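**Q** The structure under discussion is supplied below as structure tokens; questions concerning it will follow.
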There are 2 protein chains.
Amino acid sequence: MPNPILLLNKAFDSRIRLGIMAILMTNERTDFNYLKETLELTDGNLASHISALEQANFIEVSKQFIGKKPNTTYKATPEGKEAFKKHIDGLEQLIRTDNL
Amino acid sequence: MPNPILLLNKAFDSRIRLGIMAILMTNERTDFNYLKETLELTDGNLASHISALEQANFIEVSKQFIGKKPNTTYKATPEGKEAFKKHIDGLEQLIRTDNL
DNA sequence: TAAAGTACTTTGAGATGCAAAGTTAATATA
DNA sequence: TATATTAACTTTGCATCTCAAAGTACTTTA
């Protein structure tokens, strides 16, 4: 059996980053407050995980105004979607492994 | 949508602990060296993850001698199996969530 | 007697996680 | 005009986690 750990992406070790990506896989575009409320995070904590995903080039950030209020939205990049899918595939292999 | 992060167990944030548990789900009993080689870990690193899972009461340790050599084996406890299954279910929900 | 194997524990450095507080820039309210 | 509020961070500082490498205790093999 090959090392099953290599199938998994270190960037998704965190439950929070996994949650963010899962949301961005099904919701093309999501804003800061939606993530914050859904995942029940403090501003700082969310911002830091977003920044980690951004640096990995897994999500893309857009800033705009809605009416008079600033609004920041996030979107998974093709690279991020690809990486997330691979991670999920890796998990599935890990679980289904009839290893021996 | 409820908070999807709550479906996941913090003890399984680590790829290594996930790998150990996955192996113990399909191999009733496994020893130190098998885990070490399969997961390509140093002794110390493996020992520390094992100890974390043991403290969570997710695995059980048995020490015996095979011939003249010490041999330590590990087994998932019912509690550990349950927790792992829940975690996997949580991941599945996270992924399949048609959230909105 | 020396080297090697088993299964650790310890050490120490670095990375990560987190809440809370501070920040910036804009708007809303008194 | 002064104050408050909102959005989205950034900074701080502490705690925890992760890891490799080295050390340990015991035994076996050369």
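**Q** Name the residues in region A:34-51 that are away from chain B (no Cβ under 14 Å) and surrounded by 12 or more Cβ atoms within 10 Å (Cβ to Cβ), would you? Give the derivation first.
**A** Taking region A:34-51 as the starting set, the residues that turn out to be away from chain B (no Cβ under 14 Å) are A:43-44, A:47-48, A:50-51.
Passing the criteria: A:Ala47, A:Ser48, A:Ile50, A:Ser51.
**Q** Scan region B:15-28 for residues that are surrounded by fewer than 19 Cβ atoms within 10 Å (Cβ to Cβ) and at the interface with chain A (Cβ under 7 Å from one of its Cβ atoms) and jot them down.
**A** Applying the first criterion (surrounded by fewer than 19 Cβ atoms within 10 Å (Cβ to Cβ)) to region B:15-28 yields B:25-26, B:28.
The answer is B:Thr26, and nothing else.
**Q** Separate question: Listed residues B:Glu54, B:Glu60; which is more than 11 Å from DNA strand C (Cβ to nearest atom) and more than 14 Å from every other protein chain (Cβ to nearest Cβ)? Working first, answer last.
**A** On the way: B:Glu54 fails: more than 11 Å from DNA strand C (Cβ to nearest atom).
Criteria check complete, one pass: B:Glu60.
**Q** Filter region A:50-76 down to residues that are farther than 16 Å from A:Ile23 by Cβ and in contact with a helix residue (DSSP H, G or I) (Cβ under 6 Å, 6 or more places away or on another chain), then give me how many there are.
**A** The total comes to 2.
**Q** In region A:46-66, how many are near DNA strand D (Cβ under 8 Å from one of its atoms) and assigned to a helix (DSSP H, G or I)?
**A** Of the residues in that region, 5 qualify.
**Q** Return the residue satisfying two criteria in turn: it lies in region B:58-74 and is out of contact with any Lys or Arg (no Cβ under 6 Å at 6 or more places or on another chain) and surrounded by 13 or more Cβ atoms within 10 Å (Cβ to Cβ), and of such residues it is nearest to B:Glu28 (Cα to Cα). First the steps, then the outcome.
**A** First, the residues of region B:58-74 that are out of contact with any Lys or Arg (no Cβ under 6 Å at 6 or more places or on another chain): B:58-59, B:61-71, B:74.
When the remaining residues are screened for being surrounded by 13 or more Cβ atoms within 10 Å (Cβ to Cβ), the result is B:58-59, B:61, B:71, B:74.
On the way: B:Phe58: 13, B:Ile59: 11, B:Val61: 12, B:Asn71: 16, B:Tyr74: 8 Å.
Taking the candidates together, the pick is B:Tyr74.
**Q** Restricting attention to region B:16-38, which residues are among the charged types (D, E, K, R), at pLDDT below 95 and within 22 Å of B:Lys86 (Cβ to Cβ)?
**A** The answer is B:Glu28, and nothing else.
The values are calculated or read from the model by the stated rules, or taken from the named source; none is laboratory data. No experiment lies behind these values; they were computed from the predicted model shown. Ideal geometry is used to build each Cβ from the backbone, glycine not excepted, and the neighbour counts take in all protein chains shown.
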